[in-house]
Amino acid sequence: MPDETPSLQTLSFEKAGSTGWITLDRPQAMNALTLPMYERLAEICEGVTLDGDLRCLVILGAGERAFAAGTDIAAFRDVTEEAAVLAYEALMERVFGAIEACPVPVIAAMAGAATGGGAAIACAADIRIACDNLRFGFPIARTLGNALSVENLARVGELIGMGLTRELLLTARLVDAREAAACGLVSRVVADREALVAAAAEMAEAIAGLAPITLSATKEALRRLRRDGAGASDRDLILKAYLSEDFREAVAAFGEKRRPVFKGR
């Protein structure tokens, strides 16, 4: 189970029932992430286990103006040599990979700007919902002059298609909530942050009643499919699900005409 102690680096984590709420809490800086914030986010995702009491994580930003406006520019002041560049990119891949590999579903609840690293966090999540003031994209050709990794390009392309990915990266354009919904980037758009939190909580509650091993196997299978294609190995995932206590419980519950009680085992 993740440590519940709030980070001193303005990222907080708290549990409410079976949902873990991760808040990027630098509203005065559009929730731009410091390196310790990225590290804390990875630690939380890496600490979740299927047999624990968490069934879903929600990532959101403090305030109405931003989900996260990328990496705090101060983090780049020392990125002047090859080793520093590669270390930064390794940290980014650890974070996004940890979100993808987290055994429970991760919801990105986005209000306002979700750009750069913030957009990449959202793309690594399983489900994205947004306020109608969403502005999403990677305007790095206009702002920082850095580049997205192949892994991140693949994540974005899987969600919105390579054609739109090319356009967004090559024009530094941001998409609004209507376009994000139309292209499948977000599954739900709401009016304001209060409604966003309510929608995320409702979705997380629904997820909590589902079979955790099934959800985890589905997440991992989709990750492997993106990386390895249709020939990706799935034997371990199939066996884990069919040989689980939860599978036996579900079969018994069906015969007894009751709802199964899933435990993630």
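Multiplying the residue separation of residue 147 and residue 167 by 0.36 nm and removing their Cα-Cα distance gives an extension gain of 5.7 nm. By the helix-only formula, in which each DSSP H run with n ≥ 4 contributes -39500 (n - 2.57) and the sum is divided by residues, the chain has a 222 nm mean residue ellipticity of -14000 deg cm²/dmol. Put the Cα centre of the range 60-125 next to the Cα centre of the range 203-265 and the gap is 28 Å. Calculated FRET efficiency, residue 251 to residue 210, Cβ-Cβ distance, R0 = 22 Å: about 0.85 to the nearest 0.05.
Applying 1/(1 + (r/R0)^6) with r as the Cβ-Cβ distance of residue 176 and residue 84 and R0 = 51 angstrom yields a FRET efficiency of 0.90. Considering only 52, 70, 118, the mean-square fluctuation computed in a Gaussian network model of the chain, springs between alpha carbons under 10 angstrom, is largest for 52. Taking every alpha-carbon pair in the range 11-101 and binning the separations at 10 Å intervals from zero gives 16, 44, 30, 9, 1 percent. The packing ranking of peptides 122-131, 42-51, highest mean first, is 122-131, 42-51, where packing means the average number of other beta carbon atoms within 10 angstrom of each residue. Applying both filters, DSSP loop and at most 14 other Cβ atoms within 10 Å, to the GluC sites (Glu not before Pro) of the range 73-148 gives 81.
Apply the a/c threshold of 1.5 to the C-alpha gyration tensor of the range 11-208 and tell me whether it is rounded, prolate or oblate. Taking the square roots of the gyration eigenvalues as a ≥ b ≥ c, the range 11-208 is oblate. Charging the Cβ of each Asp and Glu at -1 and of each Lys and Arg at +1, and nothing else, the dipole of the chain about its Cα centre rounds to 660 debye.
Were the residues from residue 241 through residue 192 laid out at 0.36 nm apart, the gain over their Cα-Cα distance would be 13.8 nm.
Fully extending the segment from residue 101 to residue 53 would add 15.5 nm, taking 0.36 nm per residue of separation and subtracting the current Cα-Cα distance.
3J(HN,Hα) couplings calculated from phi for the range 184-198 with the Karplus curve 6.51 cos²θ - 1.76 cosθ + 1.60 (θ = phi - 60°) are, in sequence order, x, 5, 10, 9, 7, 10, 10, 6, 8, 5, 4, 5, 5, 4, 5 Hz; Gly and Pro show x.
Across the chain, C-alpha contacts under 8 Å between residues 6 or more apart give a mean separation that, scaled by the residue count, equals a relative contact order of 17 percent.
We did not get these values from a lab; they are worked out from the coordinates using the rules stated. Because the structure is predicted, anything quoted here is derived from the model rather than measured. So basically every Cβ, Gly included, is an ideal-geometry build from the backbone, and we count neighbours across all protein chains shown.
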